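These notes are about the structure you will find just below.
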Amino acid sequence: MYNQILSSLNDFINNDLSFDSDQKKTLLNKHKLTLTDSLQKGHWTTNICLIASNLAKKKPQDIAAALISKLESQRDISKVELAGPGFINIFLTRKVFLKQIDDAHKNPNSFVDSSRASKEKIQIEFVSANPTGPLHVGHGRGAAYGDAIGRILQRLGHEVSKEYYVNDAGRQIDILACSIFLRKFECFGDESFPNAAYKGSYIIEIAMSIEIDEAFPQSDKEKLISNLSDDDEEKIDELIERIKTNYSSSWLLIRDFGLEYVIKSIKGDLTQFKVIFDNWFFESSLGELTDKKSEISQALDQVKKEHAYEKNGAVWLESTKFGDDKDRVIIREDGRGTYLSADLAYHRNKLDRGFDTIINVWGSDHHGYIKRIEATIEAMGYSKKQMQVQLVQFANLLENGSKVKMSTRSGNFYTLKQLIDDIGPDASRFYYLSKQADQHLDFDIGVARSNSKDNLYYYVQYAHARICSVEKKYLELGMSLPSKFNDADFEGCDELLQMALNAQFVIKSSGENLQPHIIVYYLRDISQSFHQFYNSVNILNAKKSEQNNIVRTLMIVKSVIASSLELLGIEPLDSM
RNA sequence: GCGCCCGUAGCUCAGCUGGAUAGAGUACUUGGCUUCGAACCAAGGGGUCGGGAGUUCGAAUCUCUCCGGGCGUGCCA
């Protein structure tokens with residue numbers, strides 16, 4: 001029905017209006033055909049006359065008459081009304097309204113505008129936490145968000161690839177290896193353990209599981225930790241340097257072992273969270289700057305040709321030419337690359353893989369980095385429009401209203417794994433997604449754990465489980481589930497069905513705006529309508545003809561709830 | 001200083017690509033289970049959409065300005 005009405009509207013614009021071609025183009029782009037929010041307004045509604053009246057400087061009423069009679073002549077439309085400031089409300093015949101629902105149930109893309117649909121190859125990179133320790137609850141939000149976006153875009157017909165960028169090169173990995181080394185050989189006590197090193201207990205676990213042959217006498221230990229700088233950062237760098245030069249084989253062993261260990265644990269946590277990546281991209285695979293043939297060298301060479309200069313011994317990218325606030329160093333005075341240089345090469349790599357769009361999901365504290373990376377993309381000759389950055393704000397973890405303390409410095413933080421073990425991956429994902437990603441989220445694990453009315457997650461699941469329960473009862477009584485609606489004139493289901501129908505538009509909007517929370521709110525609304533409906537009808541004692549339509553309605557609502565939950569990576573519960 | 005985000009009911013938040021009467025949950029008050037799941041439902045009050053100005057037939061939504069809060073602004077990653 002959607003495409004049918006849509007083509008009538010387009011036909012009206014093209015053939016019946018005395019507009020010039022620019023006006024027609026604007027009107028074709030701007031008008032909307034949407035499902036109404038209440039059946040009092042009919043089934044479908046369009047703002048076409050409102051937009052047209054703007055363009056033509058005429059009253060909407062004057063434009064409406066011709067459109068109304070055009071639509072009214074259609075067989076499947078029972079009534080067309082001009083309402084409010086100039087909306088055209090379209091009422092379908094009851095038979096067609098119900099058929100439309102059966103059709104949508106079979107084909108969940110029945111309301112795709114065939115003239116505008118396009119399929120893209122999309123890459124989405126998210127989590128990408130440094131492999132220096134376990135994922136914490138902050139990473140969970142990005143994980144839930146990126147994964148949901150991936151599922152939604154896939155549902156909309158796009159080809160989606162999910163990627164984790166592993167920063168396995170650079171200083172933070174040196175610090176990881178150094179921390180393990182110091183623990184392994186017990187170079188410091190707990191009190192004197194360097195501040196800049198990682199102090200989490202997982203470091204000790206890793207240290208204990210490594211076997212090393214290299215001898216490490218007490219005298220060496222004393223030498224290693226003597227005459228160190230008082231500055232935390234300098235101290236750790238000195239330690240790294242000494243270990244690297246004097247114990248190179250242990251160093252390499254520990255570094256590789258530690259890295260592998262941490263990555264494995266991250267993968268494990270994500271698997272438990274039901275987030276599966278298609279690709280793990282290692283920063284180290286971009287190669288070294290010292291190797292002229294490496295990807296990173298080539299990317300930098302490309303940029304250096306036209307958009308870089310030397311100053312104070314360093315190489316600067318002229319990012320201001322592309323809208324950045326200041327120019328950025330890409331090769332340091334000492335010849336090492338910066339974080340930006342690796343990211344530059346990484347983005348070149350991504351864009352060369354032929355994606356129409358790449359989506360980067362970043363923590364919102366990185367928002368200052370957007371302009372910079374856009375500038376590098378433009379400097380390499382690509383369009384920054386191909387990249388979209390989605391920021392995810394950190395989540396505040398609350399326990400019944402009061403903040404859960406998290407101290408990263410001491411290494412005692414609430415890990416993602418703890419959260420999943422506590423309330424389960426599904427409830428976690430639901431709450432992570434319950435608010436627009438780039439805004440602060442208060443996540444109360446006390447509420448998420450409870451089975452009270454505050455717990456929106458259970459409210460939604462309960463709707464699904466209740467329907468499953470009715471269906472079961474119905475089957476137990478020897479009846480079979482209806483495969484379509486009949487023409488009983490009972491209209492008690494219609495409002496709920498209209499809302500179920502809207503799922504397609506909700507999902508579309510959620511995908512286009514990259515905002516999964518729209519689906520969460522839709523789930524809340526349709527669950528509420530279901531619970532109301534459930535309380536207002538007696539299903540098993542209803543008249544046979546009505547019962548058919550009631551049960552059919554429930555089946556449809558159930559399937560809508562289930563498929564919406566699945567887009568969020570949440571498994572619908574049959575009982576609870 | 002500059003840049004980005006936020007300010008909607010007592011509280012937590014939807015609504016923001018301009019449209020019909022600004023919505024939920026929560027809290028408070030009251031009512032509904034001998035039959036399908038009461039983890040549910042019904043009823044009630046509660047708003048200068050931070051202030052002001054502008055654009056428009058129409059602004060919570062767009063523009064400007066002010067106030068209040070958060071974040072960012074490394075030859076860190």
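The values are calculated or read from the model by the stated rules, or taken from the named source; none is laboratory data. Model, not experiment: these values are computed from the prediction. FYI the Cβ positions are ideal-geometry reconstructions off the backbone, even for glycines, and counts take in every protein chain you see. Surface accessibility is based on the protein's heavy atoms, side chains included, excluding ligands, DNA and RNA. Shrake-Rupley method; radii C 1.70, N 1.55, O 1.52, S 1.80 Å.
Structure above, values below:
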quantity: Proximal lysine pairs, the stretch A:2-92, alpha carbons under 20 Å, eight or more residues apart or interchain; calculated: 22
quantity: Separation between Cα centres of the stretch A:138-179 and the stretch A:213-271, rounded to whole Å; calculated: 26
quantity: Charge sum, other residues only, whose C-beta stays under 14 Å from A:PHE185's C-beta, Lys/Arg counted +1 and Asp/Glu -1; calculated: -1
quantity: Heavy atoms of A:TYR462 accessible to a 1.4 Å probe, total area in Å² rounded to 10; calculated: 100
quantity: Charged-residue dipole, Cβ positions (Lys, Arg, Asp, Glu), the stretch A:88-194 about Cα centre, Debye nearest 20; calculated: 840
quantity: Tilt relative to chain A, helix A:295-307 - C-alpha long axis, 0 to 90 degrees, to 10; calculated: 80
quantity: Kirkwood Rh and Cα Rg combined as Rg over Rh, evaluated for the stretch A:239-398; calculated: 1.01
quantity: The stretch A:281-351 and the stretch A:44-88: distance between their alpha carbon centers, rounded to Å; calculated: 57
quantity: Burial ranking of peptide ranges A:136-142, A:480-486, A:279-285 (average Cβ count within 10 Å, highest at the top); calculated: A:136-142, A:279-285, A:480-486
quantity: Pairwise label distance in nanometres, A:HIS440 with A:GLU214, each label 7 Å out on the Cα-Cβ vector; calculated: 4.7
quantity: Heavy atoms of A:LEU252 accessible to a 1.4 Å probe, total area in Å² rounded to 10; calculated: 90
quantity: Separation of alpha-carbon centers, the stretch A:412-441 and the stretch A:443-479, rounded to whole Å; calculated: 20
quantity: Helix-only [θ]222 nm of chain A, DSSP H runs n ≥ 4, -39500 (n - 2.57) each, per residue, nearest 500; calculated: -15500 deg cm²/dmol
quantity: With all protein chains modelled, accessible area of A:LYS79 [1.4 Å, Å²]; calculated: 90
quantity: Those aspartates and glutamates that a straight Cα-Cα span of less than 15 Å connects to A:LYS403, excepting residues fewer than 8 apart in one chain; calculated: A:ASP442, A:ASP444
quantity: Net length gained if the chain between A:ASP37 and A:GLU81 were fully extended (0.36 nm per residue, minus Cα distance); calculated: 14.3 nm
quantity: Square roots of five times the Cα gyration tensor eigenvalues for the stretch A:2-92, Å; calculated: 20, 14, 12
quantity: Solvent-accessible area per residue, Å², over chain A with all protein chains present [probe radius 1.4 Å]; calculated: 47
quantity: Principal-axis tilt of helix A:248-272 within chain A, Cα atoms, nearest 10 degrees; calculated: 20
quantity: √(5λ) per eigenvalue of the Cα gyration tensor, chain A, largest first, Å; calculated: 56, 33, 17
quantity: Cβ-defined net charge surrounding A:MET499, 13 Å radius [Lys, Arg +1; Asp, Glu -1]; calculated: -3
quantity: Antiparallel bridge percentage (DSSP; both residues within chain A; nearest 5); calculated: 50
quantity: Surface share of carbon and sulfur [accessible, 1.4 angstrom probe, percent] for chain A; calculated: 47
quantity: Count, lysine Cα pairs under 18 Å in the stretch A:456-567, 8 or more residues apart or across chains; calculated: 8
quantity: Local electrostatic count, A:PHE490, Cβ distance below 13 Å [Lys/Arg +1, Asp/Glu -1]; calculated: -2
quantity: Rel. contact order, % - alpha carbon contacts under 8 angstrom, at least six apart, chain A; calculated: 15
quantity: Projected label distance in nm at A:LEU481 and A:ASN396, using a 7 Å step from Cα toward the beta-carbon; calculated: 4.3
quantity: Cα gyration tensor category, rounded, prolate or oblate, for the stretch A:219-315 with a/c compared to 1.5; calculated: oblate
quantity: Separation of the A:THR290 and A:THR271 label points, Cα + 7 Å toward Cβ, nm; calculated: 3.6
quantity: Three-way shape call for the stretch A:172-229 based on the alpha-carbon gyration tensor, with the a/c threshold at 1.5; calculated: oblate
quantity: Cα-based radius of gyration of the stretch A:69-126 once divided by 2.2 N^0.38 Å, which approximates compact folds; calculated: 1.64
quantity: Per-selection metrics, the stretch A:460-576 (Cα): Rg and Dmax in Å; calculated: 14.4, 46
quantity: In degrees, nearest ten, helix A:94-106 long axis to first principal axis of chain A (Cα); calculated: 30
